[in-house]
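Asker: Encoded as structure tokens, here's the structure I'll be asking about.
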Amino acid sequence: MLYKARTNSRTNWVMLTCFGMILFLCIGQRHSFGLYLRPMTMDLGWDRATFSFAIALQNLVWGISQPFTGMLADRYGARRIFVVGGILYALGLYGMSQASTGIGLATSAGLLVGIAQSCTGFGIVYGAVGKIVSAEKRGMALGVVGAFGSLGQFAMLPSNQALIGHLGWAHALLIGSGACLLIVALAFGTSAPAGRPPEAAGQSMVQALRQAFRHQGFLLLTLGFFACGFQLAFIATHLPAYLADQGLSPTVGVTALAIVALANILGTYLCGYFGEKFSKKYLLAAIYGLRGIALAVFVLVPVTPLTTYVFAAVMGLIWLGTVPLSNGVVGQIFGYQHISMLYGFVFLSHQLGSFLGVWLGGVLFDLTGNYQAVWAIAIGLSAVAAIISLPIDDRAVQARPAHV
């Protein structure tokens, strides 16, 4: 049953579908940026570090702006944030299509798209869903909405590749710009009240922040999420180029990322489902551990289409599963009054990792001619994240009322 809902069940599902489609467009387009690395750098005469820096900046801006867009969504409702995000996403992709310098690319793909993603990504969507869905249904709802984001990754990869192949990368970005304007329309099909759900105690934003940053479990969760961002951003941006460097056709890279997205539809849903049945922190530790094993095996065995597809399927099952679980841990500990803001700070760590994953991928490749050092860093981070997830104290804390 939805919080403060006066509509019937059918309308509620329409709302969740609109939330999901916003993620579909936001995450689907984000997952496709790696396809533009080779054609843009080759046509414009850039090195890979130039493109990598812009996408790394995008991840960093997304992370830095997420707590602030989260504060605005918690205070004024998510709908207005979605509208702004859809407009900025469209402007960013248009600017990217016209970029002729590294500064132009960093401004459009980095700054504008980064802010747009903070307005239309998991932080705002999950926070809004968490506020309107009853506590016993949250895990399932987050899993369903998150699966839309995974479906977007799966659907928009081949469509972007086809557009690049038939029309060129600039026209493909223009079409993507138009598609992102749909987020503005979808925003009016959502409803996310400002303020707090019924189970939350009154608490100011400052008090919520003080409480969170004095909580060891919150800090450990935040540190662990750094590894997730590093791994996912590096793979999404550099895997197609890495496979092409190994002599495989571009189709293998596109197919691999599509398999990741397809498997992640099931994986995200299952993580949301099992997050209601088992300890979320132990599930997070298991995911980080499995990622480390999968990464290590992939870099040790010969790179073939078969080994790549198996790796993609395994990674896909645990790709974005950390997102509903991490969001759920924050809500479980602190409640949902300030969930978008608090999760925004956790996500900032994720995006710092994403920045380094993308940027180091380009820099270390230009320095060494390969990606081996970055793969090794990604494996090591998995081990650290798995270990520090285990001692997280995920018990609910008593919020200090705002008038105290």
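Asker: The chain: D in µm²/s via Stokes-Einstein (Kirkwood Rh, Cα pairs, 37 °C, 0.692 mPa s)?
Answerer: For the chosen part, D equals 158 µm²/s.
Asker: Could I ask something else about it? Could I have the simple spin-label model distance between GLN216 and ASP366, label points 7 Å from Cα toward Cβ, reported in nm to one decimal?
Answerer: With each label point 7 Å from Cα toward Cβ, the separation is 4.3 nm.
Asker: At R0 = 22 Å, how high is the FRET efficiency between ALA373 and ALA296 if r is their beta carbon distance? Nearest 0.05 is fine.
Answerer: With a Förster radius of 22 Å, E is 0.95.
Asker: Here is a follow-up. How large is Rg/Rh for region 35-158, to two decimals, with Cα atoms and a Kirkwood Rh?
Answerer: My calculation of the ratio gives 1.05.
Asker: Also, I was wondering about something else. Sorted by mean Cβ packing within 10 Å, highest first, what order do the peptides 388-395, 32-39, 45-52 take? Numbers along the way, then the final one.
Answerer: Values: 388-395: 16.5, 32-39: 22.8, 45-52: 19.0.
In decreasing order of mean packing, 388-395, 32-39, 45-52 become 32-39, 45-52, 388-395.
Asker: How do MET15, MET96 line up, fewest other C-beta atoms within 10 Å first?
Answerer: Taking fewest neighbouring Cβ atoms as first place, the list is MET15, MET96.
Asker: Given that compact globular proteins tend to follow 2.2 N^0.38 Å, what is the ratio of the alpha-carbon Rg of region 111-186 to that value?
Answerer: Taking the Cα Rg and dividing by 2.2 N^0.38 Å, one obtains 1.34.
Asker: Between region 78-130 and region 312-376, what is the C-alpha centre distance in whole Å?
Answerer: Answer, in whole Å: 18.
Asker: Can you give me the Cα centroid spacing of region 217-246 and region 48-72 in angstrom?
Answerer: Here the two parts' Cα centres lie 14 Å apart.
Asker: Let me ask you something else. When Lys and Arg each count +1 and Asp and Glu each count -1, what net charge do the other residues less than 15 Å away from CYS271, Cβ to Cβ, add up to?
Answerer: Value of the local net charge: +4.
Asker: Anyone know which of VAL310, VAL329, VAL374 comes out most mobile in the 10 Å Cα GNM of the chain?
Answerer: Comparing VAL310, VAL329, VAL374 in a Gaussian network model of the chain, the most mobile one is VAL310.
Asker: As a check on your grasp of the helix formula, calculate [θ] at 222 nm for the chain: sum -39500 (n - 2.57) over DSSP H runs of n ≥ 4, divide by the residue count, round to the nearest 500. Intermediate values should be presented prior to the final figure.
Answerer: Values: 18 runs with 312 residues, N = 404.
Mean residue ellipticity, 222 nm, calculated: -26000 deg cm²/dmol.
Asker: Quick query: amide H of VAL133 versus all other amide H atoms, modeled in the peptide plane; which residues come in under 5 Å with a sequence gap of 5 or more or a different chain?
Answerer: TYR3
Asker: Report, in order of residue number, the helices in the chain meeting two criteria: a C-alpha extent of 20 Å or more along the helix axis, and a mean Kyte-Doolittle hydropathy of at least -1.0; treat each whole DSSP H run as one helix.
Answerer: Length and hydropathy pass: 9-31, 48-76, 78-98, 138-167, 216-245, 250-275, 280-300, 339-368, 372-389.
Read-outs: derived from the displayed coordinates by stated rules, not from any lab. Please read all numbers here as calculations on a predicted model, not as lab measurements. All Cβ positions, even for glycine, are placed from backbone atoms using ideal geometry, and neighbour counts span all protein chains on display.
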